[in-house]
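Readers should treat all values here as calculations from the given coordinates under stated rules, not as data from a laboratory. If you're wondering where the values come from, they're calculated on a predicted model, not measured in any experiment. Here the Cβ is made from the backbone with ideal geometry for all residues, glycine too, and neighbour counts use every protein chain on show.
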Amino acid sequence: MILILSVSIFLATAIGSIGLYLWLEARKESLPQRFKEIVGEESGAPRGRIVASAGEWFGKFRKRFAANAPTEIELVEMFSGKELTGGRLLLNQAGIRSAAAYQIYLVVHWALPVVLVILAVVYGKFTGITSRSILLLVIVAGIVGFLLPNIVLRWKIRKRQEEITDSLPDGLDLLVVCVEAGLGLNAAFVKITEEFQLSSPALSEEFDIVNREMVAGKPRQEALRALTERTGVEDVKSLVAMLIQTEKLGTSLAQSLRVHSDSLRTRRRQKAEERAAKTTTKLVFPLVFLLFPSLFIVILGPGVLQIIAVLLPTVSK
C-alpha cells in the first residue's frame, strides 16, 4: 500500500514537473517563431514547440510522428481554423497549433485510459480488495482517463477565451485610436499585436495571425471569419460581423468601432455586476455549513456544558 502510494505520488510529481517545464518553455518563444512553426516556412516537416522543448526526453517519440506530420495544406487549415472538428478544433481554440500537437493529443487520449486501468489493477492486487471493487475501480479509471484530456483542453480553452473577452474592449479602444490617427486596419492590427504582448498574449497572437494572413494575400473577410473559428468567442464574432458589414456598406470604420467598443465595455461591466450580485447567494452555503456550526459551538458550547453539569446530578439522584 505504501509502495503504491509512493510510486503514484512520484509519477504525479514527475508528470506535473515535466508539464510545467514544457509550458514555461513554450511561453518563452516569440510570436514570429510560433507563426514560423505553424506555417512551416522551413523545409521539411515543421516541429511543434511542445515536441521541440521536450526533445531530450521524447526524441524517439518525436521521430515516430515526424514522418506523419501534417502537410502544408493541412497546416494552413489548422492555421486558419476552418474546416476543423473534434480534437483539431479544440487544440486550435486552445492556442496549440504545432504540427505534432494532434498526434500527441491522440496518443494521450487513448494511452491514458490504458495506463490508469493498469495502475488500478496493480493497486487492487497489492491492496487485496475484492474482485468487484477492482472491477469498479477499473471502470472508473478508464472513464476518467478517457475524459480527462478533453476536460483539461476545454479548461484551457475557457481560460483563453476569458482572457480574450476581458482584453478585447481595450484592444478595440486602441484600434479606434489607430484608425482615427490615419492608420489602416492592417497597421492597427500590428499595433495591437505589439502593445498586448504582455497584457494579453492570446489577443496579441490572434491579431498577429490575422494580420499575417492578410499580408500573405488572404481576403480580409476570410481572415476575419477564420478568427472567429480559432477563438470561439461571441464578442469576437460580433466584432467580425461588424467589420465585414462596415466594409460592405462603406460606413465609418472609426465610428463603428467606437460604438462597438462602448457596447463591449458595457457588457463587461454588466457581467461584473452580475457576478457581484451572485456572491450573496454563493456565500449562503459556506456560512450555513462551515461558519454557523463553529459559531454555535463557541457561543452555545459553554452554556450546554453548564446545563449538562447541573442536570446530571439531578438525573443520577
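For the pair A241 and I151, a Förster radius of 25 Å applied to the C-beta separation gives a FRET efficiency near 0.20, rounded to the nearest 0.05.
Converting phi to 3J(HN,Hα) with the Karplus coefficients 6.51, -1.76 and 1.60 and the offset θ = phi - 60°, segment 251-260 yields 7, 5, 5, 5, 5, 5, 5, 5, 5, 5 Hz in sequence order, with x at every glycine or proline. Using a simple spin-label model with pseudo-atoms 7 Å out from Cα toward Cβ, R158 and T127 lie 2.8 nm apart.
Between their Cα atoms, which of K156/K191; K248/K271; K218/K248; K159/K237; K159/K278; K191/K218 are more than 24 Å away from each other?
Listed pairs above 24 Å: K156/K191; K248/K271.
Among 125-131, 160-166, the peptide with the highest mean count of other Cβ atoms within 10 Å heads the list, and the full ranking is 160-166, 125-131. At full extension, F292 and L136 could sit 52.4 nm farther apart than now, given 0.36 nm per residue minus the alpha carbon distance.
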